[in-house]
Amino acid sequence: MKKIFISILAIAGLSACDIDRYPYGSMDSETIVQDPDASLESLLNGMYAQLKAWSDPMHRMGEYAGDNMMIRGSSTDAFYEFISYSRTPNNYRLTQFWNSGYKAIAQASNIIDMIDEGQSPEIDNKIGESYYVRGMMYFYLTRAFGRPYYQDPETNLGVPIVNGTPEDVINLELEDRATVKESYEQAISDLKKAEELLNLEKDPIYATKEAAQAMLSRIYLFMSGTYTSPNTEYAQLAVDYADKVINSGKYSLLPREDFMKYNTFIPENNEETIFAIKRVASEFSGFDHYYGVGGMYANLGGMGWGEMYASAKYIDLLNETGRNDWRSDSYNLVDARAAFIEPTYAKDADTGEFTEVFRFIKDDNGSLNYVQAEISRNAGIISCKEGDNTYILTPVDTEQEIYTILYKDGKTYKGVIDNFITLNRVYPQFYITKASREGEESHLHSPVISRLGEIYLNRAEAYAKLGNYEAALGDLNRIRERAIVDGGYNSLDATNASTRIDKERQLELAYQAERSYDVFRNGKELTRQYPGPHNQFEDISANDFRVIYYIPQDAINSYPGTLTQNPTQ
């Protein structure tokens with residue numbers, strides 16, 4: 001066996017400056033082979049540690065490019081490119097995503113290559129964990145840098161397949177990117193091998209057989225085509241792997257009341273979580289409270305920037321069945337998912353009371369902006385005032401305090417009576433807490449990779465693409481009726497399945513880095529017609545070159561061989 005070296009903490013990636021030296025704390029393969037039990041735990045911890053660095057840009061790339069959030073203004077941070085679709089290859093967050101992903105692949109591959117299977121169930125399970133991480137990384141990398149699967153996967157480029165440390169690192173010449181199809185095949189092969197080897201019951205912060213099956217369900221769903229042109233072979237496989245997870249009996253959907261606190265449970269104590277990337281308070285410094293994912297979504301206890309908020313589009317979806325009222329004296333959440341949104345209501349400094357306003361969104365010469373106009377009540381007539389203009393509120397639903405006004409521009413706007421919400425620049429702060437408060441620790445968050453709620457939705461969509469609308473409706477309503485009491489649909493068919501299932505995925509999986517990929521893999525347009533500094537009336541087509549990211553220029557410059565860049569137009 002050749003002698004190769006792997007680091008306990010971090011393996012060298014594809015960078016030329018890293019590949020010709022051995023990192024601190026490395027082990028050679030002979031030591032590991034002679035005593036695998038003593039070595040594997042440390043090596044696996046190093047592999048899992050890469051996921052912590054990887055998960056931050058993974059979240060931002062998947063969520064910021066969607067329509068669940070808005071930012072208060074433009075930013076010089078590299079993540080603003082994800083929001084604005086102003087793609088460039090010189091983006092350090094892209095580089096972090098790429099490097100951490102390939103470091104995890106390298107560490108997993110070297111474990112796989114060095115340790116023989118069949119020595120013990122424990123060793124086989126650890127090898128299976130390595131296959132899971134490698135397969136998951138190839139999938140996430142491919143969906144970020146490769147076009148949606150329904151678009152010519154045999155010719156569109158995916159990512160390089162580099163499994164382990166090559167024997168001759170001095171004269172290294174790696175192959176260019178594999179196709180999307182080949183990249184998906186690599187991910188599937190690894191995950192099926194993981195499914196075979198993973199045999200131990202472990203907490204959801206470790207790879208398990210069901211975690212591999214959950215990821216296979218998602219991958220086959222990504223391969224299942226669009227609603228109008230489905231690939232039934234892959235849709236059936238998505239159903240099959242969802243069945244395996246659901247029928248295992250190892251997970252259960254949290255009851256509504258507990259689901260509304262999902263973000264506060266540590267993964268080990270959450271019976272819905274299948275796999276999550278574990279973070280602990282001791283490694284989560286005050287700096288991370290600001291610069292981690294949750295710190296951008298909210299300021300909690302004085303920690304965090306709180307510069308990104310739930311989009312008006314997402315709030316409208318939450319309110320579609322009935323208004324969610326976050327005010328303390330009339331608190332009523334119709335949709336359980338509204339529990340992860342917290343408006344920052346402000347009391348008047350002089351009176352100590354909340355100020356009632358009529359909040360609506362106006363079209364200000366082609367730019368959508370919030371208005372919070374203070375209201376007055378007089379003899380049963382409610383009016384609001386903005387500047388020198390006073391408007392009478394016309395009831396739409398007085399119980400929910402939904403009204404309309406005829407505005408000075410001649411347009412009729414619908415809005416709600418609410419308490420004044422603190423503004424950041426000109427935007428009301430609808431804080432997002434789904435990535436915060438784990439163990440009640442401010443912005444501590446263990447990113448959820450797979451949970452049972454997603455698996456039911458995977459199966460619902462796959463059933464719909466197979467034309468089995470009755471089964472799809474059952475899975476869809478299982479999720480919907482947990483969130484909205486008596487909110488299930490009476491029917492599902494070819495005319496409404498796409499809209500209803502995709503809407504439920506958006507509501508349920510918001511702030512889990514799935515939304516933008518869900519839109520484009522089904523051949524749909526992303527629309528973001530709501531307040532914010534983004535281009536509000538630009539629709540991003542699934543065929544747009546910007547739906548995928550550029551390969552980081554640093555990776556191209558240091559790659560030992562040709563690494564083809566994605567198209568620039």
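The values are calculated or read from the model by the stated rules, or taken from the named source; none is laboratory data. It should be emphasised that the depicted structure is a prediction, and the values quoted were computed from it without experimental measurement. Please note: Cβ atoms are built from the backbone with ideal geometry, for glycine as well, and neighbour counts cover all protein chains shown. These accessible areas exclude ligands, DNA and RNA; they are computed on the full protein's heavy atoms, side chains included. Shrake-Rupley method; radii C 1.70, N 1.55, O 1.52, S 1.80 Å.
Rg of the Cα atoms in the range 434-523, relative to 2.2 N^0.38 Å, amounts to 1.18.
Under a 5 Å amide H cut-off, with hydrogens placed 1.01 Å from N, Val396 pairs with Ile402, Tyr403, Thr404 among residues at least 5 apart or on other chains. Amide H to amide H, with H built 1.01 Å from N, Met69 comes under 5 Å of Ser311, counting only residues 5 or more places away or on other chains.
Length gained on full extension, Asp168 to Gln400: 76.6 nm, using 0.36 nm per residue less the C-alpha separation.
Compared with the alpha-carbon gap, the fully stretched path from Lys503 to Ser189 is longer by 109.9 nm at 0.36 nm per residue. Taking amide H as placed 1.01 Å from N in the peptide plane, the amide H of Val162 sits under 5 Å from none that are at least 5 places away or on another chain. Placing R0 at 22 angstrom, the Cβ-Cβ distance between Asp364 and Asp539 gives a FRET efficiency of 0.60 after rounding to 0.05. With the cut-off at under 13 Å, measuring from each backbone N in the range 366-410 to a point 7 Å along the Cα-to-Cβ line of Asn332 picks out 397-402. Accessible area per residue for the chain is 40 Å², calculated with a 1.4 Å probe on protein heavy atoms, without ligands, DNA or RNA.
Counting only protein heavy atoms and a probe of 1.4 Å, the accessible surface of the chain is 46% carbon and sulfur. Inter-label distance, Glu271 to Asn90: 5.4 nm, where each label sits 7 Å from its Cα along the C-beta direction. Within a straight-line Cα-Cα reach of under 16 Å, Lys250 can be paired with the following lysines, leaving aside sequence neighbours fewer than 8 residues apart in one chain: Lys202, Lys209. Treating r as the C-beta distance of Asp316 and Thr228 and R0 as 22 Å, the FRET efficiency rounds to 0.30.
Name the longest site-free stretch of the chain, where the excluded sites are GluC sites (Glu not before Pro) in a DSSP loop with no more than 11 other beta-carbon atoms within 10 Å. Display every interim value, and only then the final one.
Working: sites that count: Glu154, Glu167, Glu173, Glu175, Glu201, Glu353, Glu399.
Maximal segment without exposed cleavage sites: 400-569.
Report the full-extension gain for the segment Thr568 to Asp486: residue separation times 0.36 nm, less the Cα-Cα distance, to one decimal in nm.
Numbers: separation 82, 0.36 × 82 = 29.52 nm, distance 4.81 nm.
Using 0.36 nm per residue and subtracting the Cα-Cα distance, I get 24.7 nm.
Estimated from the Cβ-Cβ distance and a Förster radius of 60 angstrom, the FRET efficiency linking Glu175 and Tyr290 is about 0.90.
Rg and Dmax over the alpha-carbon atoms of the chain stand at 24.8, 89 Å.
About its Cα centre, how strong a charge dipole does the chain have in debye, to the nearest 20, once Lys and Arg get +1 and Asp and Glu get -1 at the Cβ? Could you put the intermediate results ahead of the total?
Details: 55 positive and 84 negative charges, 208 e Å.
About 1000 debye.
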